[in-house]
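Each remark here refers to the structure printed beneath this line.
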Amino acid sequence: MKNICSFIITLLALCSCTNENKSINQNAVSTAPIATIKKVSALSHKYFITTAEIDSKIQPIKNGTIQESLKKNTLVKLLNEVSQFRDTITIGKRKYIEPYEKVKVLSTGTETWVFGGALKSIYTSENDLTDPQSLQSFFSMVENQDPTELSSGKKVLDKLKELKSTDITTNDAMFFMAYNYVNRLARSSKAHGELIANYPWTLDDYNEIITGTMDMNQHPIGKILHENGLNLEGSLGDILVKSNIHVVDDVVGNDVSKSVQKYIEMLQLSEKSKIFDNDNISAPLTSVANQANLWSQFAADYPEFAHISNVNMKSNRLTQALLEGTKNTAAFDRASRVAKKEFRVIWNYVLKYYGETPLATEVRSHTKWLEGRDWKFPEEKHIH
């Protein structure tokens, strides 16, 4: 009997120990994601919008306590903390596997955790946003427009004019939203089929479009396009509808940051001096060098620029063309491994006049790389 009692006591102790361990393990599983939160770069202010109605949570875990329900298109600011735990959630018809992001809901000031798959980036700035209401209102309005309808461009521009803020960061964000929208409108609207294809274009019309001298407000088709943020480009017999940054710029004026003002100026310069004709370099190489320098220097000066990916894309294409040419305008005779004269001249031009700019650094590195691989840079022969 004594032995039986001892056995029962030992068994109960083992069960108690097992249950205690089980409880500890359960707690460890549920709290582990909270302990594995990582800080991310906080060099800029990043704003996102919710893409669906989503519950925010107090803890960044699958079964975390719900803090509040956020409506679609709720504006939030990232607080530069992200969970290492990734959740799997279906939004709409798409499955996302993303971590939770710590955010501040701008309309309420609440700090909470939101599933990353439900967040869409809308703006990044070096400065904080002080007028979230205008940005929220503008974003919601733009999201509800149909880019296949030409008249929606004017609606977006009118709304931008109405909501133009005293906060420059808000104006920057709305400028890019409006410009992105007229770009979509140029690609998606029915303007080409309904207006362009059926209009009796004259040779004078083609000449004015090609040279950029058409008075859009005096031409019946031009006027409709202009008020919707669009423009005409093309060649004889081929007219295209393009976005018109001048129209969007006219609405915001100088009430944007210096970086955005400079970005607009460079886009306008790009329109005036067309560098490429398909895959040919159609401008003098000095123009390629000048624009490559402008874009690469801008990228160096404003690394946190909201559309830095677009800046880098332009900078990389121009720099690549300057260093290696293009498929149809090559910088080398690859059979003889000789660098062509006009490109050798422009590389020396860059090194002489651009000093220690990012572009000059690229050119110096490139020519050294070529020399190390036996590419020829023959001296000019002077006949006396």
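The values are calculated or read from the model by the stated rules, or taken from the named source; none is laboratory data. Given the structure is predicted, the values throughout are model-derived calculations rather than measurements. Backbone-built Cβ (ideal geometry, glycine too); neighbour counts: all protein chains shown.
Has segment 268-276 got any residue that is aliphatic (A, V, I, L, M) and modelled with pLDDT under 95?
Yes, because at least one residue in segment 268-276 is aliphatic (A, V, I, L, M) and modelled with pLDDT under 95.
Which one of these does Thr112 not meet: (1) part of a strand (DSSP E or B); (2) surrounded by fewer than 16 Cβ atoms within 10 Å (Cβ to Cβ)?
Unmet condition: (2).
So Thr166 fits all but one of (1) surrounded by fewer than 17 Cβ atoms within 10 Å (Cβ to Cβ); (2) in contact with a Ser or Thr (Cβ under 9 Å, 6 or more places away or on another chain); (3) at pLDDT 95 or above; what number is the exception?
Status for Thr166: all satisfied but (3).
Residues of segment 125-164 being within 22 Å of the chain's Cα centre (by Cα), small (Gly, Ala, Ser) and in a helix (DSSP H, G or I), which ones?
If the condition is that a residue be within 22 Å of the chain's Cα centre (by Cα), small (Gly, Ala, Ser) and in a helix (DSSP H, G or I), then Ser134, Ser137, Ser140, Gly153 are the ones that fit.
Of the numbered conditions (1) outside the structural domain of Phe377 (by TED's automatic domain parsing); (2) touching a residue at least 40 places away in the same chain (Cβ under 8 Å); (3) closer than 30 Å to Trp201 by Cα, Glu233 satisfies every one except a single condition; which is it?
Glu233 satisfies every listed condition except (2).
Checking Glu111 against (1) modelled with pLDDT of 95 or more; (2) in contact with a Pro (Cβ under 8 Å, 6 or more places away or on another chain), which test does it fail?
(2)
For segment 278-301, does any single residue satisfy the condition of being in a strand (DSSP E or B) and over 30 Å from Ser44 (Cα atoms)?
Yes: one or more hits.
Take segment 67-83 and flag every residue that is closer than 23 Å to Thr124 by Cα and either part of a strand (DSSP E or B) or modelled with pLDDT of 95 or more (or both).
Matches in segment 67-83: Leu70, Leu75, Val76, Lys77, Leu78, Leu79, Asn80, Glu81, Val82, Ser83.
Yes or no: Met177 in a loop (DSSP other than H, G, I, E, B) and in contact with a strand residue (DSSP E or B) (Cβ under 9 Å, 6 or more places away or on another chain)?
no
I'd like to verify a number: residues in segment 59-78 that are more than 30 Å from the chain's Cα centre (by Cα) and of a type in the set (Ser, Thr, Tyr), how many?
Qualifying residue count, segment 59-78: 1.
Restricting to segment 268-291, what's the tally of residues that are crowded, with 16+ Cβ neighbours inside 10 Å and within 19 Å of the chain's Cα centre (by Cα)?
Qualifying residue count for the region: 1.
Got a sec? Which of Thr361, Thr357 is touching a helix residue (DSSP H, G or I) at 6+ places or on another chain (Cβ under 8 Å), within 17 Å of Trp295 (Cβ to Cβ) and modelled with pLDDT of 90 or more?
Going through Thr361, Thr357 in turn, the sole match is Thr357.
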